[in-house]
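Working notes, structure below.
The values are calculated or read from the model by the stated rules, or taken from the named source; none is laboratory data. Because the structure is predicted, anything quoted here is derived from the model rather than measured. Because the Cβ atoms are built from the backbone with ideal geometry, glycine has one as well, and the counts that use them run over all protein chains shown.
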Amino acid sequence: MNMNPPLPVPPQIPPPGYGPRPLGDDPAERVPITNPIAAIEAILRQPRRLMYSLRQPGAGGLIAGMLFVAVVCSLIYGVVVGSFSGHEQWWAAPVKISVGLLISTLICLPSLYIFACLSGSQARLAEMFGLVAGLLMLMTLLLVGFAPVAWLFSQSTEHVAWMGALHLLFWFVATIFGVRFLNAAFAHSNARSSAGLNTWIVIFMLVMLQMSAALRPLIGRSEEFLPSASEKKFFLSHWADCMDASYKHRSRGND
Amino acid sequence: MLTAVKPAFSVGEFLRAEARRLREWMAQRDAGLVGFCVAAVVVGAGLYGAAMGSWREPLQSLYTGIKLPLAILLTTLGNGLLNGMLAPLLGLNVTLRQSLGLVLFGFAVTAVILGALSPVALFLVWNTPPLNAATQLTSPEYGFLQLALAVFIAVAGVTGCARLWPLLREWAGNAQIGGRVLFAWLATNLFLGSQVCWVLRPFLWDPAGPPRFIGREYLHGSFFETVFEAARRLIF
């Protein structure tokens, strides 16, 4: 006879969104999200609850809360980015990262709505805005998770190019999780195909990368807050210049 | 009698624990388990570190005996938030506290194995030609010792992580999700752990000067940068 009572099995996290189940068929998904902390909990553990809440009337408060969390988290990560150079970058990097993320989102929002409509999605513009706010919140939350690692590296290395590559890696991982959330939510909008969304994701990532070049320097230092009109560069060209400068710096160090 | 006396954790019970027992521990808010895990890391990794450093001199032995457990604990804490977020995102419903407990448990098993291997490491060090004025960074005895002691750590690390696998699989209800979480935790811990060890070096010996706990020069550069540079020099 087995004397051990069965252990309570924790509820399994449902797949992010794909599948036959409509949003809100589980009563737990219909529990309102009342504050930013609950929104954080929901996006990590119950993404379907967040998707359902964004479809309800009066989702504006939830969207504002998610944007607030995204701004706070991007400011925190920005401080870690700025800790590499110190001085004016303590405040400049957080401001640039936070503002850059918001502007990138605003630039890309109209195209997301148009691509979604072209794909047959029934989502409203406000819902799309909410989903992108969720993407931003998840991305920046993960960046805060990476912050201790980024801080340790920024205190040990002296090479801007290395730190840039590391931040890029963290941003890429965070973006993948954010995009997963968006993809899952999109699957519930009756879209016929995800080609439009995939195209938009590429555009959004390119805009964010270019934003990092337009708002440079984020990691190193410069006499000017933003590059002048004559210093405009495509982000690939900026990376190549950084790598080149880093290589020359290293070569001089080895002489 | 007002309170029941809780049985203390023993090393045997700790190492033999099956997935069910582990889940019970994780479900309870048991400070005793955390204390046991931290103590296991401090004692186990400390003994192994002391054996490593003894090749140089007693002071290095003391420093490495402190630095090795410190590296493990800093990695656990540094990645705590990230690991706690990655688990639910990958489909495993654990709280931040539980994910931190699981990672700490894996490291504690690693440390217990290292502690058990410390006499072997000490024997190895004792059999290695002693450090003298002629020893260089390229000397075969130094290379052998580095490699052998690192292999022990790798074996202990893999075994410690493997102990988490049945629990993660059962908890997730799906081998694929359990595997993804385990892989993500391994990757993040390896990434941060490498750099923490890089900053806390040397663990064995540095010809640059007398033993110091942390030298200012060790705070420059990163593990991955150095590996990349070495590869670049080899290839180009």
(message) For B:Q28, only one of the following conditions fails: (1) polar (S, T, N, Q); (2) in contact (Cβ under 8 Å) with a residue 12 or more places away in the chain; (3) within 14 Å of chain A (Cβ to nearest Cβ). What is its number?
(response) (2)
(message) Being more than 19 Å from A:M208 (Cα to Cα), hydrophobic (A, V, I, L, M, F, W, C), at pLDDT below 90 and in a helix (DSSP H, G or I) narrows it down to one residue among A:A123, A:A116, A:A64; which is it?
(response) A:A116
(request) For B:V196, indicate whether it is under 30 Å from B:Q136 (Cβ atoms), aliphatic (A, V, I, L, M) and in a helix (DSSP H, G or I). (result) yes
(message) Residues to consider are B:L74, B:L70, B:L82; find the one that is at the interface with chain A (Cβ under 9 Å from one of its Cβ atoms), within 11 Å of the chain's Cα centre (by Cα) and part of a helix (DSSP H, G or I).
(response) B:L74
(request) For the range A:95-107, indicate whether the set of residues that are crowded, with 19+ Cβ neighbours inside 10 Å, closer than 20 Å to A:R180 by Cα and aliphatic (A, V, I, L, M) is non-empty. (result) yes
(request) Mind telling me which of the residues A:L50, A:L75, A:L62 ends up being touching a residue at least 40 places away in the same chain (Cβ under 8 Å) and more than 20 Å from B:N93 (Cα to Cα)? (result) A:L62
(request) Name every residue in the range B:134-187 that is under 21 Å from B:T76 (Cα atoms), within 14 Å of chain A (Cβ to nearest Cβ), surrounded by 21 or more Cβ atoms within 10 Å (Cβ to Cβ) and out of contact with any Lys or Arg (no Cβ under 7 Å at 6 or more places or on another chain), in order of residue number. (result) B:L168, B:V181, B:W185
(request) Hey, could you check the range A:193-233 for residues that are surrounded by fewer than 12 Cβ atoms within 10 Å (Cβ to Cβ) and of a type in the set (A, V, I, L, M, F, W, C) and say which is farthest from the chain's Cα centre (by Cα)? (result) A:A229
(message) Consider the range A:197-241. How many of its residues are at pLDDT below 85 and not in a loop (DSSP other than H, G, I, E, B)?
(response) 3
(message) Against the conditions (1) within 12 Å of chain B (Cβ to nearest Cβ); (2) under 19 Å from the mean Cα position of the chain (by Cα); (3) crowded, with 21+ Cβ neighbours inside 10 Å, where does A:A161 fall short? Just the number, please.
(response) (2)
